[in-house]
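The values are calculated or read from the model by the stated rules, or taken from the named source; none is laboratory data. These numbers were taken from a predicted model, which means no experiment stands behind them. Positions of Cβ are backbone-derived with ideal geometry, glycine not excepted, and every protein chain shown enters the neighbour counts. Just the protein is used for accessible areas: all its heavy atoms, side chains included, with ligands, DNA and RNA removed. Shrake-Rupley method; radii C 1.70, N 1.55, O 1.52, S 1.80 Å.
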Amino acid sequence: MSTRLNMLSPEVRDNPYPFLAELRRTAPVVQVEPGGMWAVTRYEDAQYVLKSTHLFSSEGLRLAMDPAWLGRSNPIAESIIFLDPPKHGRLRTLVGRVFTPATLTRLEPRIRAVADALATKLVESRTVDFVDAFAMPIPATVIGWFLGLDASLQRHFKRWSNDIAAIGGARPEDVELMAQCRRTIEEMEQYLQGVLSDRRRSLGDDLVSDLIRARVDGESLTDSELMGFLFLLLVSGLETTANLLSQSARVLAMHPELFARMRETPSLIPRFIEETLRFEPTATATLRTCTEDTTVAGVHLPRGSTVLVSLASAARDENHFPDGDSFILEREGSPSLSFGHGSHFCLGSMLARMEARVALEALVAKVHRLELRTEQVDWTPSLTVRGPQTLPVEIFPL
Ligand code: HEM
(Lines give C-alpha, C1' and ligand atoms only; values in the text may rest on other atoms or scores of the structure.)
Protein backbone atom coordinates (compact mmCIF):
# COMPACT_ATOMS: atom_id res chain seq x y z
CA MET A 1 0.00 0.00 0.00
CA SER A 2 1.55 3.30 -1.05
CA THR A 3 -0.64 5.77 0.87
CA ARG A 4 -1.19 5.38 4.56
CA LEU A 5 -4.31 3.49 5.53
CA ASN A 6 -6.73 5.59 7.60
CA MET A 7 -8.00 3.36 10.38
CA LEU A 8 -10.96 5.70 10.93
CA SER A 9 -12.07 5.91 7.28
CA PRO A 10 -15.66 4.77 6.57
CA GLU A 11 -14.45 1.76 4.50
CA VAL A 12 -12.17 0.50 7.28
CA ARG A 13 -14.84 1.12 9.87
CA ASP A 14 -17.40 -0.89 7.84
CA ASN A 15 -15.12 -3.87 7.32
CA PRO A 16 -11.52 -3.61 8.58
CA TYR A 17 -10.61 -7.24 7.90
CA PRO A 18 -9.56 -7.14 4.20
CA PHE A 19 -7.42 -4.04 4.90
CA LEU A 20 -5.79 -5.70 7.90
CA ALA A 21 -5.15 -8.89 5.89
CA GLU A 22 -3.38 -6.80 3.25
CA LEU A 23 -1.20 -5.16 5.92
CA ARG A 24 -0.31 -8.54 7.45
CA ARG A 25 0.72 -9.75 4.00
CA THR A 26 2.59 -6.73 2.65
CA ALA A 27 3.49 -4.37 5.51
CA PRO A 28 2.95 -5.97 8.93
CA VAL A 29 4.48 -3.02 10.79
CA VAL A 30 3.62 0.25 9.08
CA GLN A 31 2.52 3.82 9.70
CA VAL A 32 -1.22 4.48 9.48
CA GLU A 33 -3.56 7.42 10.03
CA PRO A 34 -4.59 9.13 12.21
CA GLY A 35 -1.39 10.60 13.47
CA GLY A 36 1.15 8.32 11.79
CA MET A 37 0.84 5.62 14.45
CA TRP A 38 2.68 2.34 13.78
CA ALA A 39 0.20 -0.47 13.23
CA VAL A 40 1.39 -3.92 14.31
CA THR A 41 -0.85 -6.50 12.67
CA ARG A 42 0.62 -10.01 13.02
CA TYR A 43 -0.21 -12.23 16.01
CA GLU A 44 3.41 -12.85 17.13
CA ASP A 45 4.39 -9.19 16.79
CA ALA A 46 1.31 -8.09 18.74
CA GLN A 47 2.21 -10.53 21.53
CA TYR A 48 5.82 -9.33 21.49
CA VAL A 49 4.80 -5.65 21.87
CA LEU A 50 2.31 -6.38 24.64
CA LYS A 51 4.75 -8.40 26.72
CA SER A 52 7.76 -6.09 26.23
CA THR A 53 6.62 -3.43 28.68
CA HIS A 54 10.16 -1.98 29.02
CA LEU A 55 10.13 -1.06 25.29
CA PHE A 56 6.42 -0.36 24.78
CA SER A 57 4.96 1.71 27.57
CA SER A 58 1.35 2.21 28.62
CA GLU A 59 2.27 5.38 30.50
CA GLY A 60 2.80 7.51 27.39
CA LEU A 61 -0.92 7.53 26.74
CA ARG A 62 -1.66 8.84 30.17
CA LEU A 63 -0.62 12.32 28.96
CA ALA A 64 -3.25 12.18 26.21
CA MET A 65 -5.89 11.40 28.87
CA ASP A 66 -4.78 14.31 31.03
CA PRO A 67 -4.65 17.28 28.61
CA ALA A 68 -4.11 20.85 29.86
CA TRP A 69 -7.51 21.96 28.50
CA LEU A 70 -9.26 19.92 31.20
CA GLY A 71 -7.96 22.49 33.70
CA ARG A 72 -7.79 19.73 36.32
CA SER A 73 -6.58 16.16 36.55
CA ASN A 74 -8.50 13.34 34.92
CA PRO A 75 -9.03 10.56 37.50
CA ILE A 76 -8.68 7.77 34.91
CA ALA A 77 -5.09 8.89 34.21
CA GLU A 78 -4.27 7.47 37.68
CA SER A 79 -5.57 4.01 36.82
CA ILE A 80 -3.65 0.76 36.22
CA ILE A 81 -4.21 0.70 32.47
CA PHE A 82 -1.85 3.71 32.14
CA LEU A 83 0.93 2.32 34.36
CA ASP A 84 4.07 0.30 33.64
CA PRO A 85 5.84 -2.14 35.94
CA PRO A 86 6.68 -1.96 38.80
CA LYS A 87 3.93 0.57 39.71
CA HIS A 88 1.40 -1.38 37.70
CA GLY A 89 2.04 -4.61 39.62
CA ARG A 90 1.35 -3.13 43.06
CA LEU A 91 -1.94 -1.59 41.98
CA ARG A 92 -3.00 -4.64 39.97
CA THR A 93 -2.51 -6.89 43.00
CA LEU A 94 -4.61 -4.53 45.12
CA VAL A 95 -7.55 -4.23 42.72
CA GLY A 96 -7.21 -7.91 41.80
CA ARG A 97 -8.38 -8.67 45.34
CA VAL A 98 -11.96 -7.94 44.29
CA PHE A 99 -11.97 -9.71 40.92
CA THR A 100 -12.05 -13.19 42.38
CA PRO A 101 -14.02 -16.36 41.55
CA ALA A 102 -15.97 -15.72 44.79
CA THR A 103 -17.11 -12.33 43.43
CA LEU A 104 -18.29 -13.98 40.23
CA THR A 105 -20.18 -16.68 42.12
CA ARG A 106 -21.87 -13.97 44.17
CA LEU A 107 -22.86 -12.00 41.08
CA GLU A 108 -24.04 -14.81 38.80
CA PRO A 109 -27.58 -15.33 40.23
CA ARG A 110 -28.16 -11.57 40.23
CA ILE A 111 -27.03 -11.28 36.59
CA ARG A 112 -29.25 -14.23 35.67
CA ALA A 113 -32.29 -12.53 37.19
CA VAL A 114 -31.61 -9.36 35.16
CA ALA A 115 -30.97 -11.33 31.92
CA ASP A 116 -34.13 -13.45 32.38
CA ALA A 117 -36.26 -10.33 32.91
CA LEU A 118 -34.78 -8.64 29.83
CA ALA A 119 -35.26 -11.78 27.70
CA THR A 120 -38.91 -11.96 28.83
CA LYS A 121 -39.41 -8.35 27.78
CA LEU A 122 -37.71 -9.06 24.43
CA VAL A 123 -40.20 -11.76 23.50
CA GLU A 124 -43.09 -9.43 24.33
CA SER A 125 -41.87 -7.06 21.60
CA ARG A 126 -41.64 -7.94 17.95
CA THR A 127 -38.95 -5.56 16.72
CA VAL A 128 -36.36 -4.05 19.07
CA ASP A 129 -32.98 -2.39 19.08
CA PHE A 130 -31.02 -5.28 20.61
CA VAL A 131 -28.29 -2.94 21.91
CA ASP A 132 -30.76 -0.83 23.85
CA ALA A 133 -33.08 -3.66 24.93
CA PHE A 134 -30.56 -6.33 25.97
CA ALA A 135 -26.86 -5.85 25.21
CA MET A 136 -26.30 -2.56 27.05
CA PRO A 137 -28.54 -2.95 30.14
CA ILE A 138 -26.78 -6.15 31.32
CA PRO A 139 -23.22 -4.74 31.64
CA ALA A 140 -24.65 -1.37 32.74
CA THR A 141 -26.40 -3.07 35.65
CA VAL A 142 -23.24 -4.97 36.59
CA ILE A 143 -21.03 -1.85 36.41
CA GLY A 144 -23.64 0.01 38.49
CA TRP A 145 -23.31 -2.66 41.20
CA PHE A 146 -19.51 -2.46 41.05
CA LEU A 147 -19.53 1.30 41.39
CA GLY A 148 -22.24 1.27 44.06
CA LEU A 149 -24.38 3.68 42.03
CA ASP A 150 -28.15 3.95 42.00
CA ALA A 151 -29.86 2.09 39.11
CA SER A 152 -31.44 5.38 37.96
CA LEU A 153 -27.95 6.57 36.91
CA GLN A 154 -27.43 3.72 34.42
CA ARG A 155 -28.96 5.76 31.63
CA HIS A 156 -25.95 8.11 31.86
CA PHE A 157 -23.26 5.41 31.71
CA LYS A 158 -22.91 5.26 27.93
CA ARG A 159 -22.55 9.04 27.66
CA TRP A 160 -20.05 9.11 30.55
CA SER A 161 -17.99 6.32 29.06
CA ASN A 162 -18.02 7.93 25.58
CA ASP A 163 -16.95 11.30 26.97
CA ILE A 164 -14.07 9.88 29.00
CA ALA A 165 -12.90 7.83 26.01
CA ALA A 166 -13.15 10.93 23.76
CA ILE A 167 -10.72 13.01 25.84
CA GLY A 168 -7.57 11.52 24.29
CA GLY A 169 -8.69 12.30 20.73
CA ALA A 170 -10.20 15.80 21.16
CA ARG A 171 -8.87 18.40 18.68
CA PRO A 172 -8.44 22.12 19.53
CA GLU A 173 -11.59 23.01 17.55
CA ASP A 174 -13.79 20.55 19.53
CA VAL A 175 -14.72 23.23 22.05
CA GLU A 176 -18.19 21.88 22.85
CA LEU A 177 -16.85 18.33 23.27
CA MET A 178 -14.20 19.61 25.67
CA ALA A 179 -16.80 21.43 27.78
CA GLN A 180 -18.93 18.28 27.83
CA CYS A 181 -15.96 16.12 28.93
CA ARG A 182 -15.22 18.54 31.77
CA ARG A 183 -18.86 18.40 32.92
CA THR A 184 -18.89 14.59 32.73
CA ILE A 185 -15.75 14.23 34.87
CA GLU A 186 -17.27 16.51 37.50
CA GLU A 187 -20.61 14.70 37.41
CA MET A 188 -19.03 11.24 37.73
CA GLU A 189 -16.66 12.36 40.41
CA GLN A 190 -19.45 13.88 42.45
CA TYR A 191 -21.52 10.67 42.44
CA LEU A 192 -18.53 8.39 43.06
CA GLN A 193 -17.17 10.63 45.81
CA GLY A 194 -20.55 10.23 47.50
CA VAL A 195 -20.28 6.43 47.28
CA LEU A 196 -16.69 6.44 48.62
CA SER A 197 -17.59 8.70 51.56
CA ASP A 198 -20.61 6.51 52.44
CA ARG A 199 -18.55 3.34 52.38
CA ARG A 200 -15.71 4.87 54.36
CA ARG A 201 -18.23 5.75 57.06
CA SER A 202 -19.61 2.24 57.09
CA LEU A 203 -18.02 -0.61 55.14
CA GLY A 204 -20.46 -3.14 53.69
CA ASP A 205 -20.63 -6.33 51.66
CA ASP A 206 -20.03 -4.68 48.29
CA LEU A 207 -17.20 -4.16 45.83
CA VAL A 208 -16.30 -0.56 46.69
CA SER A 209 -16.01 -1.63 50.36
CA ASP A 210 -13.82 -4.57 49.25
CA LEU A 211 -11.58 -2.12 47.35
CA ILE A 212 -11.29 0.13 50.42
CA ARG A 213 -10.43 -2.91 52.57
CA ALA A 214 -7.85 -4.35 50.12
CA ARG A 215 -4.28 -4.44 51.50
CA VAL A 216 -0.96 -5.57 50.03
CA ASP A 217 2.00 -5.50 52.46
CA GLY A 218 -0.05 -3.21 54.69
CA GLU A 219 -0.66 -0.72 51.87
CA SER A 220 -4.10 0.22 50.62
CA LEU A 221 -5.39 2.16 47.60
CA THR A 222 -5.13 5.94 47.87
CA ASP A 223 -8.22 8.09 47.24
CA SER A 224 -7.07 9.05 43.75
CA GLU A 225 -6.21 5.42 42.89
CA LEU A 226 -9.67 4.33 44.03
CA MET A 227 -11.38 7.04 42.00
CA GLY A 228 -9.21 6.27 38.96
CA PHE A 229 -10.08 2.59 39.15
CA LEU A 230 -13.82 3.28 39.37
CA PHE A 231 -13.58 5.51 36.28
CA LEU A 232 -11.63 2.77 34.48
CA LEU A 233 -14.22 0.09 35.32
CA LEU A 234 -16.92 2.10 33.59
CA VAL A 235 -14.88 2.76 30.46
CA SER A 236 -13.35 -0.71 30.16
CA GLY A 237 -16.29 -2.89 31.21
CA LEU A 238 -19.37 -1.33 29.66
CA GLU A 239 -19.13 -0.97 25.91
CA THR A 240 -16.76 -3.90 25.38
CA THR A 241 -19.20 -6.31 27.03
CA ALA A 242 -22.28 -4.77 25.39
CA ASN A 243 -20.55 -5.16 22.02
CA LEU A 244 -19.75 -8.80 22.77
CA LEU A 245 -23.47 -9.42 23.33
CA SER A 246 -24.46 -7.49 20.19
CA GLN A 247 -21.86 -9.30 18.09
CA SER A 248 -23.09 -12.63 19.47
CA ALA A 249 -26.64 -11.70 18.47
CA ARG A 250 -25.49 -10.77 14.94
CA VAL A 251 -23.72 -14.09 14.51
CA LEU A 252 -26.78 -15.98 15.83
CA ALA A 253 -29.11 -14.00 13.54
CA MET A 254 -26.92 -14.76 10.53
CA HIS A 255 -26.60 -18.46 11.46
CA PRO A 256 -30.00 -19.76 12.63
CA GLU A 257 -28.54 -23.29 12.73
CA LEU A 258 -26.07 -22.11 15.40
CA PHE A 259 -28.95 -20.57 17.36
CA ALA A 260 -30.70 -23.95 17.35
CA ARG A 261 -27.51 -25.73 18.46
CA MET A 262 -27.00 -23.31 21.38
CA ARG A 263 -30.56 -23.94 22.55
CA GLU A 264 -30.27 -27.73 22.25
CA THR A 265 -26.82 -27.81 23.88
CA PRO A 266 -26.28 -24.73 26.10
CA SER A 267 -22.94 -26.18 27.21
CA LEU A 268 -21.66 -25.02 23.77
CA ILE A 269 -22.29 -21.38 24.70
CA PRO A 270 -18.81 -20.75 26.24
CA ARG A 271 -17.20 -22.08 23.05
CA PHE A 272 -19.50 -19.86 20.98
CA ILE A 273 -18.43 -16.85 23.07
CA GLU A 274 -14.71 -17.60 22.53
CA GLU A 275 -15.16 -17.80 18.77
CA THR A 276 -17.25 -14.59 18.76
CA LEU A 277 -14.47 -12.85 20.69
CA ARG A 278 -11.99 -14.01 18.05
CA PHE A 279 -14.19 -13.45 15.02
CA GLU A 280 -15.31 -9.95 16.02
CA PRO A 281 -13.04 -8.70 18.84
CA THR A 282 -14.78 -5.85 20.60
CA ALA A 283 -11.49 -4.34 21.81
CA THR A 284 -9.95 -4.00 18.37
CA ALA A 285 -6.66 -2.39 19.35
CA THR A 286 -4.61 -1.05 22.20
CA LEU A 287 -1.93 1.63 22.15
CA ARG A 288 1.62 1.80 23.45
CA THR A 289 4.52 4.30 23.24
CA CYS A 290 8.11 3.31 22.37
CA THR A 291 10.43 4.07 25.28
CA GLU A 292 13.51 3.97 23.01
CA ASP A 293 14.44 3.47 19.33
CA THR A 294 13.57 -0.14 18.63
CA THR A 295 12.48 -2.59 15.92
CA VAL A 296 9.49 -4.84 15.42
CA ALA A 297 9.70 -7.46 12.67
CA GLY A 298 12.78 -5.65 11.36
CA VAL A 299 11.02 -2.26 11.07
CA HIS A 300 12.67 0.66 12.89
CA LEU A 301 10.40 2.51 15.33
CA PRO A 302 11.73 5.78 16.76
CA ARG A 303 11.54 6.51 20.50
CA GLY A 304 8.26 8.21 21.37
CA SER A 305 6.31 6.64 18.48
CA THR A 306 2.77 5.49 19.17
CA VAL A 307 2.15 1.83 18.38
CA LEU A 308 -1.34 0.59 17.53
CA VAL A 309 -1.44 -3.11 18.40
CA SER A 310 -4.22 -4.47 16.21
CA LEU A 311 -5.97 -7.21 18.20
CA ALA A 312 -8.56 -7.42 15.41
CA SER A 313 -5.84 -8.25 12.91
CA ALA A 314 -4.10 -10.76 15.21
CA ALA A 315 -7.47 -12.53 15.52
CA ARG A 316 -7.52 -13.22 11.78
CA ASP A 317 -3.81 -14.05 11.39
CA GLU A 318 -3.80 -16.99 9.00
CA ASN A 319 -0.75 -18.53 10.72
CA HIS A 320 -2.80 -19.02 13.88
CA PHE A 321 -6.38 -19.19 12.68
CA PRO A 322 -6.75 -21.10 9.41
CA ASP A 323 -9.81 -19.89 7.47
CA GLY A 324 -9.94 -17.05 9.98
CA ASP A 325 -12.67 -15.17 8.10
CA SER A 326 -15.10 -18.00 8.87
CA PHE A 327 -16.90 -18.49 12.17
CA ILE A 328 -15.94 -22.03 13.22
CA LEU A 329 -17.45 -23.18 16.50
CA GLU A 330 -15.16 -26.21 16.72
CA ARG A 331 -12.00 -24.11 16.25
CA GLU A 332 -8.99 -25.30 18.32
CA GLY A 333 -5.49 -23.89 18.67
CA SER A 334 -4.06 -20.51 19.65
CA PRO A 335 -5.91 -18.38 22.17
CA SER A 336 -7.14 -15.11 20.69
CA LEU A 337 -5.65 -11.87 21.99
CA SER A 338 -9.10 -10.33 22.43
CA PHE A 339 -8.53 -9.68 26.14
CA GLY A 340 -4.95 -8.53 25.52
CA HIS A 341 -1.75 -10.28 26.56
CA GLY A 342 0.86 -9.93 29.30
CA SER A 343 0.68 -7.80 32.41
CA HIS A 344 -2.34 -5.71 31.33
CA PHE A 345 -4.40 -8.78 30.38
CA CYS A 346 -8.04 -7.85 30.98
CA LEU A 347 -8.90 -7.93 34.66
CA GLY A 348 -12.59 -8.39 33.84
CA SER A 349 -12.23 -11.24 31.30
CA MET A 350 -13.85 -13.88 33.53
CA LEU A 351 -16.63 -11.48 34.45
CA ALA A 352 -17.27 -10.57 30.80
CA ARG A 353 -17.35 -14.24 29.80
CA MET A 354 -19.74 -15.05 32.63
CA GLU A 355 -22.04 -12.11 31.77
CA ALA A 356 -22.12 -13.22 28.14
CA ARG A 357 -22.78 -16.87 29.03
CA VAL A 358 -25.61 -16.06 31.43
CA ALA A 359 -27.12 -13.55 28.97
CA LEU A 360 -27.03 -16.00 26.05
CA GLU A 361 -28.45 -18.82 28.19
CA ALA A 362 -31.39 -16.54 29.04
CA LEU A 363 -31.79 -15.55 25.38
CA VAL A 364 -31.85 -19.05 23.88
CA ALA A 365 -34.26 -20.23 26.58
CA LYS A 366 -36.91 -17.76 25.41
CA VAL A 367 -36.18 -16.77 21.83
CA HIS A 368 -36.54 -19.16 18.87
CA ARG A 369 -34.49 -17.04 16.48
CA LEU A 370 -33.49 -13.46 15.62
CA GLU A 371 -33.65 -11.77 12.24
CA LEU A 372 -31.63 -8.65 11.40
CA ARG A 373 -33.93 -5.86 10.17
CA THR A 374 -31.13 -4.40 8.06
CA GLU A 375 -27.75 -5.55 6.73
CA GLN A 376 -26.39 -2.02 7.24
CA VAL A 377 -24.52 -1.48 10.50
CA ASP A 378 -23.51 1.85 11.98
CA TRP A 379 -20.23 0.88 13.71
CA THR A 380 -18.75 2.79 16.67
CA PRO A 381 -16.39 5.51 15.39
CA SER A 382 -13.39 4.38 17.44
CA LEU A 383 -9.83 3.17 16.95
CA THR A 384 -9.95 0.77 19.84
CA VAL A 385 -13.53 -0.49 20.25
CA ARG A 386 -15.85 -2.01 17.64
CA GLY A 387 -19.55 -2.75 17.85
CA PRO A 388 -22.88 -1.79 16.31
CA GLN A 389 -24.33 1.44 17.70
CA THR A 390 -27.82 0.02 17.15
CA LEU A 391 -28.97 -3.45 16.11
CA PRO A 392 -32.60 -3.56 14.97
CA VAL A 393 -33.80 -7.18 15.11
CA GLU A 394 -37.06 -9.06 14.81
CA ILE A 395 -37.69 -11.48 17.66
CA PHE A 396 -39.29 -14.89 17.08
CA PRO A 397 -40.32 -16.28 20.47
CA LEU A 398 -40.17 -19.99 21.24
C1 HEM B 1 -15.80 -8.45 26.10
C2 HEM B 1 -15.45 -7.64 27.08
C3 HEM B 1 -14.06 -7.10 27.29
C4 HEM B 1 -13.01 -7.03 26.42
C5 HEM B 1 -12.96 -7.49 24.96
C6 HEM B 1 -11.91 -6.42 27.14
C7 HEM B 1 -10.65 -6.21 26.61
C8 HEM B 1 -9.57 -5.71 27.33
C9 HEM B 1 -8.23 -5.57 26.80
C10 HEM B 1 -7.79 -5.91 25.38
C11 HEM B 1 -7.44 -5.10 27.81
C12 HEM B 1 -5.92 -4.84 27.74
C13 HEM B 1 -5.64 -3.40 27.39
C14 HEM B 1 -4.17 -3.13 27.19
O15 HEM B 1 -3.35 -4.05 27.14
O16 HEM B 1 -3.83 -1.94 27.04
C17 HEM B 1 -8.29 -4.91 28.97
C18 HEM B 1 -7.85 -4.42 30.18
C19 HEM B 1 -8.70 -4.21 31.25
N20 HEM B 1 -10.03 -4.57 31.35
FE21 HEM B 1 -11.16 -5.45 29.93
N22 HEM B 1 -12.33 -6.14 28.41
C23 HEM B 1 -13.63 -6.54 28.56
C24 HEM B 1 -14.41 -6.47 29.68
C25 HEM B 1 -14.02 -5.96 30.89
C26 HEM B 1 -14.84 -5.88 32.08
C27 HEM B 1 -16.26 -6.41 32.19
C28 HEM B 1 -14.10 -5.25 33.03
C29 HEM B 1 -14.44 -4.90 34.44
C30 HEM B 1 -15.64 -4.59 34.86
C31 HEM B 1 -12.80 -4.97 32.44
C32 HEM B 1 -11.75 -4.37 33.10
C33 HEM B 1 -10.48 -4.20 32.59
C34 HEM B 1 -9.41 -3.57 33.34
C35 HEM B 1 -9.49 -3.02 34.76
C36 HEM B 1 -8.28 -3.59 32.50
C37 HEM B 1 -6.88 -3.03 32.80
C38 HEM B 1 -5.98 -4.14 33.29
C39 HEM B 1 -4.56 -3.66 33.54
O40 HEM B 1 -4.17 -2.60 33.02
O41 HEM B 1 -3.84 -4.35 34.25
N42 HEM B 1 -12.78 -5.41 31.15
N43 HEM B 1 -9.56 -5.31 28.66
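Does S343 meet the test of being hydroxyl-bearing (S, T, Y) and in a helix (DSSP H, G or I)?
Considered against the rule, which asks whether it is hydroxyl-bearing (S, T, Y) and in a helix (DSSP H, G or I), S343 comes out as yes.
In contact with a Ser or Thr (Cβ under 8 Å, 6 or more places away or on another chain), open to solvent by less than 10 Å² (accessible area, probe 1.4 Å), within 15 Å of the ligand (Cβ to nearest atom) and not polar (S, T, N, Q): which single residue out of I111, I76, I81 fits that description?
I111
Keeping to region 1-26, report how many residues are among the β-branched types (V, I, T) and open to solvent by 20 Å² or more (accessible area, probe 1.4 Å).
Selection size over region 1-26: 2.
Checking G35 against (1) more than 20 Å from A314 (Cα to Cα); (2) in contact (Cβ under 8 Å) with a residue 40 or more places away in the chain; (3) within 15 Å of the ligand (Cβ to nearest atom), which single condition isn't satisfied?
The one condition G35 does not meet is (3).
Looking at region 180-195, can you tell me whether even one residue there is open to solvent by less than 60 Å² (accessible area, probe 1.4 Å), in contact with a Ser or Thr (Cβ under 6 Å, 6 or more places away or on another chain) and aliphatic (A, V, I, L, M)?
no
With the structure loaded, tell me whether A356 is within 15 Å of the ligand (Cβ to nearest atom), part of a helix (DSSP H, G or I) and either on the phi < 0 side of the Ramachandran plot or at pLDDT 95 or above (or both) or whether it fails that test.
Here the answer is yes, as A356 does meet what is asked.
(1) in contact with a Phe, Trp or Tyr (Cβ under 7 Å, 6 or more places away or on another chain); (2) crowded, with 18+ Cβ neighbours inside 10 Å: which one isn't true of E59, the others all being true?
It fails just one condition, (2).
Within region 125-160, how many residues turn out to be open to solvent by 10 Å² or more (accessible area, probe 1.4 Å), farther than 20 Å from T282 by Cβ and touching a helix residue (DSSP H, G or I) at 6+ places or on another chain (Cβ under 8 Å)?
9
Going through region 248-261 one residue at a time, which ones are over 16 Å from V393 (Cβ atoms) and either crowded, with 18+ Cβ neighbours inside 10 Å or not charged (D, E, K, R) (or both)?
A260
Residue-by-condition table, conditions (1) modelled with pLDDT under 95; (2) among the hydroxyl-bearing types (S, T, Y); (3) more than 22 Å from the chain's Cα centre (by Cα):
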{"site": "L207", "(1), (2), (3)": "yes, no, no"}
{"site": "V216", "(1), (2), (3)": "yes, no, yes"}
{"site": "T222", "(1), (2), (3)": "yes, yes, yes"}
{"site": "F229", "(1), (2), (3)": "no, no, no"}
{"site": "T241", "(1), (2), (3)": "no, yes, no"}
{"site": "L245", "(1), (2), (3)": "no, no, no"}
{"site": "A249", "(1), (2), (3)": "no, no, no"}
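Give me a count of the residues in region 300-341 that are open to solvent by 20 Å² or more (accessible area, probe 1.4 Å), at positive phi and modelled with pLDDT of 95 or more.
Residues meeting the conditions: 2.
For the structure I just gave you, tell me whether L91 is in a helix (DSSP H, G or I), within 14 Å of the ligand (Cβ to nearest atom) and either of a type in the set (A, V, I, L, M) or open to solvent by 60 Å² or more (accessible area, probe 1.4 Å) (or both).
Yes; evaluated as a whole, the condition is true for this residue.
When both residues are 6+ apart or on different chains and their Cβ atoms are under 6 Å apart, which pairs have a first residue that lies in region 47-66 and is basic (K, R), and a second that is modelled with pLDDT of 95 or more and part of a strand (DSSP E or B)?
none
Do the conditions hold for P86, that is, is it open to solvent by 10 Å² or more (accessible area, probe 1.4 Å), away from the ligand (no atom under 16 Å from the Cβ) and either modelled with pLDDT under 95 or under 21 Å from E11 (Cα atoms) (or both)?
Here the answer is no, as P86 does not meet what is asked.
Would you check which residues across region 92-134 are under 21 Å from A242 (Cβ atoms) and among the hydroxyl-bearing types (S, T, Y) and list them?
Matches in region 92-134: T103, T120, S125, T127.
Looking at (1) outside any helix (DSSP H, G or I); (2) at pLDDT 95 or above; (3) more than 16 Å from the ligand (Cβ to nearest atom), which is the only condition A365 fails?
(1)
Scan region 94-105 for residues that are part of a helix (DSSP H, G or I) and surrounded by 13 or more Cβ atoms within 10 Å (Cβ to Cβ) and jot them down.
If the condition is that a residue be part of a helix (DSSP H, G or I) and surrounded by 13 or more Cβ atoms within 10 Å (Cβ to Cβ), then L94, V95, G96, T103, L104 are the ones that fit.
How about region 1-83: which helices (runs of 4 or more DSSP H) wholly inside it have at least 1 residues that are within 19 Å of A165 (Cβ to Cβ)?
In region 1-83, 10-14, 60-65 are the helices (runs of 4 or more DSSP H) which contain 1 or more residues that are within 19 Å of A165 (Cβ to Cβ).
Of everything in region 241-267, what is near the ligand (Cβ under 9 Å from one of its atoms) and out of contact with any helix residue (DSSP H, G or I) (no Cβ under 7 Å at 6 or more places or on another chain)? Give them in sequence order.
Once the filter is applied, which keeps residues that are near the ligand (Cβ under 9 Å from one of its atoms) and out of contact with any helix residue (DSSP H, G or I) (no Cβ under 7 Å at 6 or more places or on another chain), region 241-267 yields only N243.
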